[in-house]
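Single-structure report; data block below.
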Amino acid sequence: MEWQASHILVKDRGTADDILRKVKQGGQFESLAREFSTCPSKSSGGDLGWFGEGKMVPAFESAVKRLSPGSVSDVVQTQFGYHIIKCTGRRD
């Protein structure tokens, strides 16, 4: 199984909660990623491309596995900070 995902990574929970609220209110995920994310993927709207099992840290991968394409996660904490993850694809 492989997934395609985008994410917004920030350092603190409060900022992540604010961004998630904006996403849920209809904000464009890619624009918010470009504006707020601290990950280099911000330049591509947070797009991480396709990845298989074991390629992402466990908490991130676990969250992506529970998402259907087009859906957005709640805030996910990893050692890198706080992520908002959008699943953009899934394939066997």
Condition met for Thr15 (assigned to a helix (DSSP H, G or I) and under 14 Å from Gly81 (Cα atoms)): yes
Cβ pairs under 6 Å, 6+ apart, first in the range 67-92 and under 19 Å from Gly26 (Cβ atoms) and at pLDDT 95 or above, second of a type in the set (S, T, N, Q) and not in a loop (DSSP other than H, G, I, E, B): Lys86/Ser6; Thr88/Gln4; Thr88/Ser6
Filter pass, Ser31 being modelled with pLDDT of 95 or more, crowded, with 17+ Cβ neighbours inside 10 Å and not β-branched (Val, Ile, Thr): no
Conditions (1) in a helix (DSSP H, G or I); (2) open to solvent by 20 Å² or more (accessible area, probe 1.4 Å); number of the one not met by Gly26: (1)
Cβ pairs under 6 Å, 6+ apart, first in the range 46-65 and assigned to a helix (DSSP H, G or I), second open to solvent by less than 20 Å² (accessible area, probe 1.4 Å) and at pLDDT below 95: none
Subset of the range 72-92 that is within 20 Å of Arg13 (Cα to Cα) and part of a loop (DSSP other than H, G, I, E, B) - its residue that is most open to solvent (accessible area, probe 1.4 Å): Gln79
Candidate set from the range 38-66 (those that are farther than 24 Å from Gly26 by Cα and among the small types (Gly, Ala, Ser)); member that is surrounded by the fewest Cβ atoms within 10 Å (Cβ to Cβ): Gly54
Tabulated pairs, the range 3-22, first buried (at least 17 other Cβ atoms within 10 Å of the Cβ), second small (Gly, Ala, Ser) and in a helix (DSSP H, G or I), C-beta under 6 angstrom, 6+ apart or interchain: Ile8/Ala33; Val10/Ala16
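The values are calculated or read from the model by the stated rules, or taken from the named source; none is laboratory data. Worth saying up front: this structure is predicted, and the values here are computed from it rather than measured. Counting neighbours? That spans all protein chains shown, and the Cβs are built from the backbone with ideal geometry, glycine included. Surface accessibility is based on the protein's heavy atoms, side chains included, excluding ligands, DNA and RNA. Shrake-Rupley method; radii C 1.70, N 1.55, O 1.52, S 1.80 Å.
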